[in-house]
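Taking it in order: structure first as structure tokens, then the write-up.
The values are calculated or read from the model by the stated rules, or taken from the named source; none is laboratory data. All figures in this text were calculated on a predicted structure; none of them were measured in a lab. Please note: Cβ atoms are built from the backbone with ideal geometry, for glycine as well, and neighbour counts cover all protein chains shown. Note: accessible area is taken over every heavy atom of the protein model, side chains too, but ligands, DNA and RNA are not part of it. Shrake-Rupley method; radii C 1.70, N 1.55, O 1.52, S 1.80 Å.
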Amino acid sequence: MATVEERALQALKNYISSEQWQKNAKKHKKIHEILQNATADNIVFGGKPKFVLGRVVGNATGVGESTYGDTTTRRTVSMNFTSGQKCFVDLGCTADEGTLERAYKKNFTGSKYYHQREASEIAESVGGSEVRSHLYDLNFTPKSTRINRYHIEYTSEVYTYKLWAIYVTYQKGRKQKQIKIGYWDEMDCDTKIDIDVDIPLTFGEKVLATLITIAIWGGIIALASFLLSWIFG
């Protein structure tokens, strides 16, 4: 009986012999050679996606001012806040972003998942919004907000999904590198090997992408500068 590595390798061989791949083979000869010469020993799998549901709970302080005539009154409020339920990547998860996105879209609703390091941003958004709203309700204009403390309050067990990224490893000088070639998917209790080779950018393509990004941001900055000078000039 074939091993999982052998089955993944056979799926790869079928893929690179297809007409779809042959167009890439001519453009990316080195990648094609690596894939063509791969053996079952070169096949490795990534980590499984793991998610946990939770809310960001904390305490925030806001400072507002109210002016009547020549008198300015300052008001400080402090209040607890709780975010809506979010889907977080479990801290023990080693799956890459593509694997996480694939599992999330299939098993959860909502626009996105969050890494737990993003809890601070959620706290800033939710806590800051709530203290500002409270100050407005009191007829004070918010001047500053501060998150005093926050933590994630978990509301579920850790959900682990049977989905793995598949990689082909190869040696480049003294370094071992890898090319992502697709996914091994058992989320529907039936094995699906989805081969879709993630072709690494060449050095020239990386330089071109960087130059395009610089040009785009340069254009945005120039446009913003023009608009500001036109409005306030």
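Just a few scattered comments:
- Residue among K192, K180 that is basic (K, R) and either out of contact with any strand residue (DSSP E or B) (no Cβ under 9 Å at 6 or more places or on another chain) or buried (at least 18 other Cβ atoms within 10 Å of the Cβ) (or both): K180
- Number of the condition not met by K180 [criteria: (1) modelled with pLDDT of 95 or more; (2) out of contact with any Phe, Trp or Tyr (no Cβ under 8 Å at 6 or more places or on another chain)]: (2)
- Flag for G110 being touching an Asp or Glu at 6+ places or on another chain (Cβ under 8 Å) and either open to solvent by 40 Å² or more (accessible area, probe 1.4 Å) or outside any loop (DSSP other than H, G, I, E, B) (or both): no
- Against the list (1) touching a residue at least 24 places away in the same chain (Cβ under 8 Å); (2) closer than 30 Å to T61 by Cα; (3) surrounded by 15 or more Cβ atoms within 10 Å (Cβ to Cβ), the condition Y154 fails is (3).
- Segment 32-53: number of residues that are within 30 Å of Y113 (Cβ to Cβ) and either hydrophobic (A, V, I, L, M, F, W, C) or outside any loop (DSSP other than H, G, I, E, B) (or both): 7
- Unique residue being part of a strand (DSSP E or B) and over 28 Å from L163 (Cβ atoms) when the list is V63, V56: V63
- Subset of segment 68-92 [of a type in the set (S, T, Y) and open to solvent by less than 70 Å² (accessible area, probe 1.4 Å)]: T73, S83
- Given (1) buried (at least 16 other Cβ atoms within 10 Å of the Cβ); (2) farther than 26 Å from L100 by Cβ, number of the condition E65 does not satisfy: (1)
- Sub-9 Å Cβ pairs linking a first residue in segment 130-148 that is within 14 Å of T82 (Cβ to Cβ) to a second residue that is of a type outside the set (S, T, N, Q) and in a helix (DSSP H, G or I), at least 6 apart or interchain, are I147/A123; I147/E124; I147/G127; I147/G128, ordered by first then second residue.
- Of all residues in segment 1-22, those that are without any contact (Cβ under 8 Å) to a residue 60 or more places away in the chain have Cβ atoms under 7 Å from Cβ atoms of residues that are buried (at least 17 other Cβ atoms within 10 Å of the Cβ) and not in a helix (DSSP H, G or I), 6 or more apart or on another chain, in E5/I43; L9/A38; L9/I43.
- Residue identified as more than 19 Å from the chain's Cα centre (by Cα) and on the phi > 0 side of the Ramachandran plot among G84, G69, G128: G69
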